[in-house]
Amino acid sequence: MIIRIILSFNVTEFIGRFHPVLVHMPVGILMLAAIFIWLAKSERFESLRSAISISLFLGMLSAIASCVTGFLLSKTDSYEEALLFKHQWFAIATALISLVIYYLHLKNRETKWVAAVMVIFVMITGHLGGSITHGSDFLTKAFSSSGNSGNSKSIPNVQETNAFSTVIKPLLDAKCIACHGPNKQKGKLRFDEPGFISKGGEDGSVIVAGNAAESAMIKRILLPKDNKDHMPPTEKPQLSKQDIELLQWWITTGAKYDLKVKELPQTDHIKSILNSLESGKTDEQVVISYFPEQTVGKAPEVAVQQLRDRGIAIVPIAQNSNYLSANFVAVESFTGKDLQLLEPVKKQLIWLKLGNMGLTDVDLEAVGKLPNLRMLFLQNTKITDQGLPQLSNLSELQYLNLGGTKVTSKGVGQLKGLKNLRQLYLFQTAITGDDLDKLRQLFSNTIIDAGGYEVPKLVSDTTVLKAPIGK
Amino acid sequence: MSDNHHESFRLHSPEFNQLNKRLDRRNFLTKTSLGLGALALGSLIGNRVLGKVAGSVTHEPVTATLEEEILRAIPHFAPKAKRVVYLFMSGGPSQFETFDYKPKLAGMFGQPLPDSVRQGQRLTAMSANQSVFPMVPSAYQFSQHGESQTWISELLPHTAQVVDDLCIIKSIHSEAINHDPAITFFQTGNQLPGRPSIGSWVSYGLGSDNKNLPTFIVLVSKNAVKDQPLYSRLWGNGFLPSEHQGVQFRAGKDPVLFLDNPEGYDGKDRKEMLEYLSKLNTMQNEPYGDPEVQARISQYEMAYRMQTSVPEVMDTSDEPDEVFELYGPDSRDPGTYAANCILARKLLEKDVKFVQLYHQGWDHHGGLPAGMKKQCKDTDQATAALIKDLKRRGLLEDTLVIWGGEFGRTVYSQGKLQTNDYGRDHHPRCFTMWMAGAGVKPGISYGETDDFSYNIVKNPVHVHDFQATLMHLMGVDHERLTFRFQGRRYRLTDVQGNVVRDILS
């Protein structure tokens, strides 16, 4: 019996999980060995020579062990393939170099240049490994966050201001000027002064006034991200959809530098984007996305398993994402205690379906403590106005379904602090008529659907075939 | 007979000894480091190096985990649609009398179809020997509806009211020209029988949130003209494990066949019996590794849970009158299209992943004006009601609704053209479908046909493109959901299909 348990125990995964611990050893030891090799050249550190052999040996061993554990770990979870591929082969190369250098050292050959190469490989491998776990923009984040402020500042009375200097220039400053500005002029292109913009770069003009689709600038912005001509380069902060639409609008209306916003023709869509600049709202607040852009750590597996054992369908939102959705639809004899099971995954949980459960106001306390919820289904539950204030901390909430509950406009009104709420469903509640209108005023950015659809009897329901047809 | 089953099974009889030993060795080798090293080397060298340089020489290692790897990656991206309801209009509804408005045809009544339009394309055997191909405009008027000002036929007054929620694709085209291959093509991505249905792929790839109901449920209208047959292989699992096949729910006393307990059996020890049976099956499965045994175990368990969940979901007695009024008078008669639409909504509320309705009777080779009128009347109100009902319940946000048949119909009349009667033959080169709800742009028309709705002039959408888009909306990359069978990998879209990104919201 014991043997069975041992066999069924996942050895691969267990060994693989030592990788994050082990990797630091070859990095440290091999670097140190290289330092010893170089220092031992001088007479002052002559004594270090005797330490080279042992440190190279240990470094080599740990490098090989890291390779093996790393390989096993790579099989247990899905990582970004391209990065993983590079990391894996650089790591194997590093281990091979450490073997070679140890051999050379034993044969008393010159090793200092091999050591230098090895140091470079160790650094590259380490960086790639770090990129896999922390994200490839981990190092550069410190620079990019400051450059992101382009559109988040509010522009009071946007229609009266100069279109280029208040709407377009901040975009270029934030996303383009680092490479096409006073410091660097990649492709001999500069965006910091109107004169330079009109002049274009080495391939000629980048803007065709009045025709956004023909403008090289827009073309390259719209290329798919994996195209090498895509701008801004993939690793740099990208233009948002709204930024692109504003640029297109400005070019289509003639790429004028001296006109006010109100003097340029605007579609309703552009007008609404421009107006949103006035209140300083960023894109995230305009565009509905039930899926967060920032990443999150992995949910504790024990907790996930507990939820599954209870019959709660808990599913990752997508591949390579740790965000979770939970659905209670198949849970038998639900009690408020079941909600406590969600506590350990509160960071990951973004979609929660509790519809048609015997949920009461008391239980909403636990729901209110799930800060990242974006979609929440509470239809046909026993909740009332008393429970609703407990949801007012769910600042990320975008979709809330309260259909078929006893809530009233008074209770729902208490949720007006939910700035991101975009969809609110109140079908089969007591909220109708004036109450509904008041709520619609209160939640000006939210689509409130309270049903009330009818299928009226139509005259055409009794169509008679027209004859003769044709002529 | 209740309490003597704690002891686990042993293969006591001596003829199993040999087998037991073999098993132990296999387990030992695969789980210890020797097997591990071989595995590591194999996948390192095999896939990365040899696989690229000498791909023809190396054969892929047959691993049981290949399928697991594929499944583990799903959903490939965050899905817009969590569930699908597919209203299949079997028989090939005419696009001329529904969505594809062709005003220029009005003056061409009876004129022969120009050869420059047909370009010698094949016709079915039913009209290929006609000496003339007299063109016939729609017998019904069109008018514009909704904010999108979309042209809709007077036969669909209710659908016209929800037109701002629809994404109408007028440029679908198929490869098959007859019912059986065309409908099989739509459902399975291949004209020949034997591949899994779309719903089975979805079930296989995504599983279900609700373990008490099947992932893929099929409802067939009883009030339709049964002019062309439907067969259960259309919702079959093909080569996928059989728990992924569509389960047909029928109207009446026995919604799912063979689900009730036999007469004279109270069912009290059913659970225990099934647990015991599943132990036996598991034991049987260990040496053979046949996925069908696994499928059988899960089907028994599903059937047991369905004994309570199905009667509950089939019961529409607690639906308010207002709901029946919304769906129209037919909806009180179980088994009709309208009643099935209510049922579909209830199933979607229970998070059933894929619900497919079939409504037959659209095959109008003759008597089309009257036939279309009846068909539209039977389906129009309930279809529109389903959209509205899903919308007000907040379900349209993450449910995809699809309406369409297996092909369209010809601009010319089949048989003799009379002043108030005509027929239309099969036409796979262009026809209309619509999608609504999760992840598709509402209130748009996509694709255009020529003035005769004979050829596509803009944005063609192949059946495989439609299937790829459907999978995409469900969070699945259609190129990566594959299943290995008879030595090759299969997928729903075979080797084709592009996601129609223009219609995605």
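With a Förster radius of 51 Å applied to the C-beta separation of residue B:300 and residue A:384, the computed FRET efficiency comes to 0.75.
Rounded to the nearest 10 degrees, the angle from helix A:49-76 to the longest Cα principal axis of chain A is 30 degrees.
Over the range B:302-443, the reciprocal of the mean inverse Cα-Cα separation, the Kirkwood hydrodynamic radius, stands at 17.1 Å.
When only the Cβ of Lys, Arg, Asp and Glu is charged (+1, +1, -1, -1), the dipole of the range A:301-449 relative to its Cα centre reaches about 280 debye.
Using the Karplus relation 6.51 cos²θ - 1.76 cosθ + 1.60 with θ = phi - 60°, the per-residue 3J(HN,Hα) values for the range B:122-129 come to 5, 10, 6, 5, 6, 10, 5, 8 Hz, with x marking Gly and Pro. Legend: ranking of residues A:272, B:208 from fewest to most surrounding C-beta atoms inside 10 Å; resulting order A:272, B:208.
By the compact-protein rule of thumb, 2.2 N^0.38 Å, the alpha-carbon radius of gyration of the range A:371-443 corresponds to a ratio of 0.98. For A:363, B:315, B:378, the sequence from fewest to most other C-beta atoms within 10 Å is B:315, B:378, A:363. With r as the distance between the Cβ atoms of residue A:81 and residue A:133 and R0 = 22 Å, compute the FRET efficiency 1/(1 + (r/R0)^6) and round to 0.05. Taking R0 as 22 Å, the efficiency between residue A:133 and residue A:81 is 0.90.
Determine the shape class of the range B:71-159: with a ≥ b ≥ c the square roots of the Cα gyration tensor eigenvalues, call it rounded for a/c under 1.5, and otherwise prolate if a/b is greater than b/c, oblate otherwise. The shape class here is oblate. Multiplying the residue separation of residue B:502 and residue B:222 by 0.36 nm and removing their Cα-Cα distance gives an extension gain of 97.1 nm. The label-point distance for residue A:104 and residue B:441, in a model that sets each label 7 Å from Cα toward Cβ, rounds to 6.1 nm. In this structure the amide hydrogen of residue B:462, modeled in the peptide plane, comes within under 5 Å of the amide hydrogens of B:173, none closer than 5 places in sequence on its chain. FRET efficiency for the residue A:447 to residue B:316 pair, using the beta carbon distance and R₀ = 30 Å, is estimated at 0.55. Annotation: the residues A:67, A:179, sorted from fewest to most other C-beta atoms within 10 Å of their own C-beta, follow the order A:179, A:67.
Over chain B, what is the relative contact order in percent, taking alpha-carbon pairs closer than 8 angstrom and at least six residues apart?
Computed value for chain B: 27 percent relative contact order.
Taken one residue at a time, the phi angles of the range B:154-165 give Karplus couplings (6.51, -1.76, 1.60, θ = phi - 60°) of 5, 6, 10, x, 7, 4, 4, 6, 9, 4, 6, 9 Hz. Gly and Pro are set to x. Across every direction, the projection of the convex hull enclosing the Cα atoms of the protein assembly as shown has a mean area of 52.0 nm². Applying the Karplus relation 6.51 cos²θ - 1.76 cosθ + 1.60 with θ = phi - 60° to the range A:106-115 yields 3J(HN,Hα) values of 4, 7, 6, 8, 6, 10, 5, 6, 4, 4 Hz, where x marks Gly and Pro.
The modelled label-to-label distance for the pair residue A:416/residue B:283, using points 7 Å beyond Cα in the direction of Cβ, is 6.9 nm. Mean residue ellipticity at 222 nm, helices only, the protein assembly as shown: -11000 deg cm²/dmol; runs of at least 4 DSSP H residues each add -39,500 (n - 2.57), and the sum is divided by the number of residues. Overall, the range A:2-134 carries a charge dipole of about 320 debye about its Cα centre when +1 sits on the Cβ of Lys and Arg and -1 on the Cβ of Asp and Glu, all other atoms neutral.
Report the charge-dipole magnitude of chain A in Debye, nearest 20, computed about the Cα centre from +1 at each Lys and Arg Cβ and -1 at each Asp and Glu Cβ.
Charge dipole, chain A, about its Cα centre: 760 debye, nearest 20.
Assuming a ≥ b ≥ c are the square roots of the Cα gyration tensor eigenvalues, decide whether chain A counts as rounded (a/c under 1.5), prolate (otherwise, with a/b larger than b/c) or oblate. Oblate is the answer for chain A, as a/c is 1.5 or above yet b/c matches or exceeds a/b.
Between helix A:268-278 and chain A, what is the angle of the helix's C-alpha long axis to the longest principal axis, kept within 0 to 90° and rounded to the nearest 10? So the helix axis and the longest Cα principal axis differ by about 60 degrees. One decimal place: the segment residue A:320-residue A:157 gains 54.4 nm when fully extended, by the rule 0.36 nm per residue minus the C-alpha distance. Take the Cα of residue A:113, step 7 Å toward its Cβ, do the same at residue B:148, and the gap between the two points is 7.0 nm.
Which whole-number percent is the relative contact order of the range A:148-282 (Cα, under 8 Å, 6+ apart)?
Details: 188 pairs, mean separation 46.4, N = 135.
Dividing the mean separation by the residue count of the range A:148-282 yields 34 percent.
At a threshold of 8 angstrom on Cα-Cα distance, excluding pairs fewer than six apart, so keeping six or more, what relative contact order does the range A:215-339 reach in percent?
The value is 12 percent.
With 5 Å bins beginning at zero, the pair-distance distribution over Cα atoms of the range A:301-449 amounts to 2, 10, 20, 24, 19, 13, 8, 4, 1, 0 %. Lysine pairs in the range A:301-449 whose alpha-carbon atoms fall under 20 angstrom of each other, counting only those eight or more residues apart or on distinct chains, come to 22. The alpha carbon gyration tensor of the range B:369-505 gives principal lengths a ≥ b ≥ c with a/c of 1.5 or higher and a/b no greater than b/c, which makes the shape oblate.
Just checking the output field for B:388-401: average partner chain Cβ neighbours within 10 Å of each residue's Cβ?
Mean shielding by partner chains, rounded to a whole number: 5.
Using the empirical formula 2.2 N^0.38 Å as the baseline, the Cα radius of gyration of the range A:2-134 reaches a ratio of 1.20.
For residue A:23, no residue whose modelled amide H falls within less than 5 Å of its own remains once neighbours fewer than 5 places apart on the same chain are excluded.
Count charges around residue B:498 for me, please; just the other residues with Cβ under 15 Å from its Cβ, Lys/Arg as +1, Asp/Glu as -1. With Lys, Arg at +1 and Asp, Glu at -1, the neighbours total -2. Backbone amide hydrogens, once placed in the peptide plane, bring residue B:141 within less than 5 Å of B:154, excluding anything fewer than 5 places away on its chain. DSSP assigns beta bridges within the protein assembly as shown; of those with both partners inside it, close to 45 percent run antiparallel.
Computed as a quarter of the hull surface, the mean projected area of the alpha carbon convex hull for chain B stands at 29.6 nm².
Pairs exceeding 22 Å between alpha-carbon atoms, taken from B:374/B:441; A:186/A:228; A:236/A:262; B:211/B:388: B:374/B:441; A:236/A:262; B:211/B:388.
Values in this text are rule-based calculations from the coordinates and carry no lab data. Remember, predicted model here, so these are calculated numbers, not experimental data. Positions of Cβ are backbone-derived with ideal geometry, glycine not excepted, and every protein chain shown enters the neighbour counts.
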